[in-house]
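Below: one structure, written as structure tokens.
Read-outs: derived from the displayed coordinates by stated rules, not from any lab. This one's a predicted model, so the numbers in the text were calculated from it and none came from an experiment. Cβ: placed from backbone, ideal geometry, glycine included. Neighbour counts: every protein chain shown.
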Amino acid sequence: MIVVGGGPVGSSVASLVAGFMRTLVLEEHAEIGAPVQCAGLVSPRVVAMTGTDDTVLNRISGGVVHFPNGVSIELNGKEPKAVVVDRRAFDFKCYEKALDSGAEFILGAKYCSFSKNADSVSIESRVEKNTRILHAKLLVGADGYKSCVGRDAGIGKPRDSVRGIQVDIDRRLDDQNRVHVYLGLKLAPGFFAWVIPCGHFTRVGLCVSTGHDAPSRYLPPFLEKVGLADAERLNSISGIIPIGPPSSTYADRVMVVGDAAAQAKPLSGGGLYTGMVASQCAARTAIEAYEANDFSIRMLSKYQERWKSEIGKELDKGYRIRKVFLRLNDNKINDIGRMIDRQDVLDILSQGDIDYPSMLAPSILRCLPSLLKFSPQILGSLLGR
Ligand SMILES: Cc1cc2nc3c(=O)[nH]c(=O)nc-3n(C[C@H](O)[C@H](O)[C@H](O)COP(=O)(O)OP(=O)(O)OC[C@H]3O[C@@H](n4cnc5c(N)ncnc54)[C@H](O)[C@@H]3O)c2cc1C
């Protein structure tokens, strides 16, 4: 099997499959984990799934949501709801785990194209100026949001995407327990901005949806707003989060996984948990296909059935809630802030699971049916009406 992409999802598929069949990962960069394109905020279960405890920078137990009118609501959990990881170290740990399982990697190898033969795929890759043709029974595209494997296999594009920018600031926040999320069309249209305490430094970033100015336009005023404009910047990153998987994430002898399949959570943009779950589904399907020597589209359709049964509902509901969010102007976002600022709703929100945010929707809507006015049809459908 050949996996294109040595990100966390590619390494995870490789580590799960390598014990069953020869597994080779092609990674276009010479170094694993660079460049970083992530805030590194994940649930503790992601760290448990990947064995990456020693990459944790901070543990987060609550959050503060800031509305455009300056009002904020606080959500306080009892135990850590999230952790911040050092994403470069996290990727490297996933890579080491795959190596330990017997997977082979070629770093600096760029996937160029593939063609199908009667009983294999031929993959053209380039290392510096040298072109090499490799053969495999199965090709897995874990090559991120621009997925060339997905494009070449005729797999559709994500339905939506957001563009992000982030800087690490050389300033320690007094409150290390809570993440701050800022909403508003002037700050981060179509998504949100964040301030994450990471111990001795602070991560500040935002994403905007398509059709707006570049995120770099929104960052300076946001840094000004949170009082961090003058602090030293340790580094800066940017990237794209694909949202809304295409209708098919597999083809004959091909599966796409993680950002290549737009499996990030539509409400938060987090793609590590969903990518890890999907990597397990892809690995299980690859092993079954290998044992049956059947890599047909029919056999690989099990991959999609599996990831849909694990995370499909969350991605679908999250996508529908995002559609409602995209229709809101700042006045309506403020209205929602006023409406949810009551103890029973805050208690529900505080119990939330960052990997399954939309699971809270039915309880909140039952507690606060007046929210349905923002989209009776879409929000009503979340109640199962
Ligand atoms: C600003 C920002 C903040 C984010 N914050 C979070 C967060 O806090 N929590 C969270 O869970 N998620 C977050 N995400 C999303 C998260 O980063 C992705 O979901 C995650 O990286 C997906 O992993 P992946 O392995 O599928 O893809 P990637 O990490 O993108 O890895 C793909 C790999 O494929 C390689 N590749 C690409 N093309 C080729 C080719 N042709 N040949 C060979 N190799 C190739 C790339 O070099 C890369 O190493 C954030 C994203 C952005 C942009």
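Please give me, ordered by residue number, the trypsin sites (Lys or Arg not before Pro) of region 287-336 that lie in loop per DSSP and have at most 11 other Cβ atoms within 10 Å. Loop-located and lightly packed - 327. Less than 5 angstrom separates the built amide H of residue 6 from those of 28, all sequence-distant by 5 or more or on a different chain.
Stretching the chain fully between residue 235 and residue 54 yields a gain of 63.0 nm (0.36 nm per residue, less the alpha carbon separation). Taken one residue at a time, the phi angles of region 257-271 give Karplus couplings (6.51, -1.76, 1.60, θ = phi - 60°) of 9, x, 4, 4, 10, 6, 8, 5, 6, x, 7, 10, x, x, x Hz. Gly and Pro are set to x. In this structure, the amide hydrogen of residue 77, modeled 1.01 Å from its nitrogen in the peptide plane, lies closer than 5 angstrom to those of 62, 63, counting only residues at least 5 positions away or on a different chain. Each Lys or Arg adds one and each Asp or Glu subtracts one; over the other residues with Cβ under 11 Å from the Cβ of residue 231, this totals -1. The distance linking region 89-161 with region 25-71 is 24 Å (Cα centroid to Cα centroid, whole angstrom). In loop segments of region 58-137 as defined by DSSP, the trypsin sites (Lys or Arg not before Pro) with at most 14 further C-beta atoms inside 10 Å of their C-beta are 78, 129. Separation of region 165-190 from region 371-385 is 30 Å, based on Cα centroids. Across region 365-375, computed HN-Hα scalar couplings (Karplus, 6.51 cos²θ - 1.76 cosθ + 1.60, θ = phi - 60°) run 5, 5, 6, 9, x, 4, 5, 4, 4, 6, 5 Hz from first to last residue, x flagging Gly and Pro.
Extension gain, residue 126 to residue 291, is 56.4 nm, computed as 0.36 nm per intervening residue step minus the present C-alpha separation. Please tell me the relative contact order of region 2-318 in percent, rounded to the nearest whole number, where contacts are Cα pairs under 8 Å and at least six residues apart. Over region 2-318, the number comes to 20 percent. The trypsin sites (Lys or Arg not before Pro) found in region 142-231 that occupy coil by DSSP, while having at most 14 further C-beta atoms within 10 Å, are 146, 159, 172, 186.
Proximity of backbone amide H atoms, modeled 1.01 Å from N, is registered between residue 190 and 209 at under 5 Å, excluding neighbours fewer than 5 places apart on the same chain.
In straight-distance terms, cross-link reach from residue 308 covers every one of the lysines whose alpha-carbon lies under 22 Å from its own, apart from those fewer than eight places away in the same chain; here that gives 146, 157, 265, 317, 323.
Our coupling estimate for region 248-253, obtained by passing each phi through the Karplus curve with A = 6.51, B = -1.76, C = 1.60 and θ = phi - 60°, is 10, 10, 8, 8, 4, 6 Hz, Gly and Pro reported as x. Note on residue 313: aspartates and glutamates with a C-alpha under 19 Å away, same-chain residues under 8 apart excluded, are 160, 259, 305, 353, 355. Scaled against 2.2 N^0.38 Å for its residue count N, the alpha carbon radius of gyration of the chain is 1.00.
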